[in-house]
Amino acid sequence: MRRSLRSGRAALTRRSLLRASTGGALAVGGLGLLSGCGIPAAGKTEGGVSAEDHSKEEKQVRFSNWTEYMDVDESGRRHPTLEAFTKRTGVKVTYTEDINDNSEFFGKIQPQLAAGQETGRDIIVLTDWLAARLIRLGWVQKLDPANLPHAFTNLSPQFRNPDWDPGRAYSYPWQGISTVIAYNKKALDGIEVGTVSDLLDNPKLKGRVGFLTEMRDTMGMTLLDMGKDPARFTDDDYDAGIARLQKGVDRGQIRRFTGNDYTSDLSKGDFAACLAWAGDVVQLKADNPDIDFVIPDSGYVTSSDNMLIPNKARHKTNAERLIDYYYEPGPAAELAAYINFVCPVDGVKDDLAKIDEDAANNPLIIPDQAMQAKSHSFRSLSSKEETAYEEKFAKLTGA
């Protein structure tokens with residue numbers, strides 16, 4: 001009940017804010033936030049700038065995260081895993097849910113980071129594309145492996161080597177976000193769906209399929225279906241993917257592109273099948289037995305929200321201790337049981353089973369090796385590519 005009321009629906013809200021807003025913001029000029037105002041063009045840097053570490057004398061850490069992205073007790077006011085960390089270490093966590101959108105949050109911290117000033121935060125949680133840009137700009141600090149023994153050991157293989165942070169020198173995932181195909185069995189009425197091609201080409205599904213307004217997810221899944229690796233595609237590959245989706249639009253096969261509101265369409269049967277985010281599907285399945293999912297043989301797209309330590313943070317060591325804490329199986333299991341996204345921590349299944357056996361056996365939360373092997377990441381983009389790709393995708397979706 002608690003997870004249904006707080007985690008599932010909250011997860012939908014958080015993902016909607018993240019996904020629906022970032023794609024649109026970039027398409028209509030949000031990239032200006034990243035390239036204007038004196039911000040240098042993205043390029044390789046030697047890493048961020050540290051400050052004098054006050055962790056020893058100031059037993060605190062300041063943690064900025066997305067809304068509804070932390071375990072909460074029955075009162076709705078306390079965070080059990082954070083309180084357990086404080087009890088063990090003596091380090092008080094000032095936890096703030098002040099991230100509602102990547103571009104909006106970047107606007108908050110950009111002036112300080114660009115000026116070489118402290119942001120008032122020791123840990124921030126950002127999605128892949130923005131985490132990659134801050135690393136390239138040299139605005140986040142390199143992590144000390146000596147303070148991250150659990151994180152180094154227990155990080156799931158599928159998250160270890162993103163092209164924008166090989167070996168996770170600057171970041172560790174908070175949670176993963178997988179894109180799958182979800183369907184309503186009652187609405188399908190015996191029609192089999194297992195691939196993106198099924199969504200686009202089966203005439204029996206005309207006007208009853210949905211794709212996402214998040215460019216990386218929709219294009220990544222389409223590229224995989226075309227036999228292209230979203231980590232290594234070319235401009236021509238991207239254009240071919242756009243053209244394939246455009247045919248689906250022109251023929252009326254695609255009902256619409258959605259943010260998180262696909263959940264209502266799918267539950268009601270207006271969508272027989274659609275691209276969906278795994279965290280949503282977990283909740284939808286719990287609420288409606290007709291909802292299920294499939295992982296295409298071609299694979300699926302996974303991204304992550306990532307913990308980073310911004311330049312000039314006052315409590316770097318304390319921040320690293322908190323990051324490492326969430327890579328211990330116990331705290332990781334408590335968090336996974338509550339928020340239902342993809343857990344990036346290996347070896348957590350037994351601990352999670354003690355809390356919620358269904359969650360422990362759900363591959364959308366704890367992917368098995370076979371599912372991990374099908375996971376693909378969308379490659380990082382240059383500023384020029386991002387502008388061009390988002391413009392083409394916005395034209396496709398009518399944004």
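The table below lists the values:
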| read-out | value |
| --- | --- |
| The chain: calculated mean residue ellipticity at 222 nm from DSSP helix runs of at least 4, using -39500 (n - 2.57) | -12000 deg cm²/dmol |
| Whole-Hz ³J(HN,Hα) from phi, Karplus 6.51 cos²θ - 1.76 cosθ + 1.60, for segment 299-315, glycine and proline x | x, 9, 9, 10, 10, 8, 9, 10, 7, 9, 10, x, 3, 6, 4, 7, 10 |
| For PHE271, residues with placed amide H under 5 Å, excluding near neighbours | LEU266 |
| Ordering of 102-111, 283-292 by burial proxy (mean other Cβ atoms within 10 Å per residue, highest first) | 102-111, 283-292 |
| Whole-Hz couplings from phi, Karplus 6.51/-1.76/1.60, listed for segment 101-113; x for Gly and Pro | 6, 4, 5, 5, 5, 4, x, 5, 9, 4, x, 5, 5 |
| Cα gyration tensor, the chain - rounded (a/c under 1.5), prolate or oblate | oblate |
| Residues whose placed amide H lies under 5 Å from that of PHE378, excluding near-sequence neighbours | THR302 |
| Amide H within-cut-off set for GLN60, under 5 Å, with H built and near neighbours excluded | LYS92 |
| Pairwise centroid distance, computed over Cα atoms, of segment 121-175 with segment 279-356, Å | 15 |
| Members of LYS228/LYS392; LYS247/LYS285; LYS285/LYS395; LYS204/LYS268; LYS108/LYS316 lying beyond 22 Å, as alpha-carbon distances in this model show | LYS247/LYS285; LYS285/LYS395 |
| Whole-Hz couplings from phi, Karplus 6.51/-1.76/1.60, listed for segment 372-382; x for Gly and Pro | 4, 5, 8, 7, 10, 9, 7, 5, 5, 10, 6 |
| Sites ASP73 and THR94, calculated FRET efficiency, Cβ-Cβ separation with R0 22 Å, nearest 0.05 | 0.75 |
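Computed from the coordinates by the stated procedures, all read-outs in this text should not be read as laboratory data. Owing to the predicted nature of the structure, the values given are computational and were not obtained by experimental measurement. We place every Cβ from the backbone using ideal geometry, glycine too, and count neighbours over all the protein chains shown.
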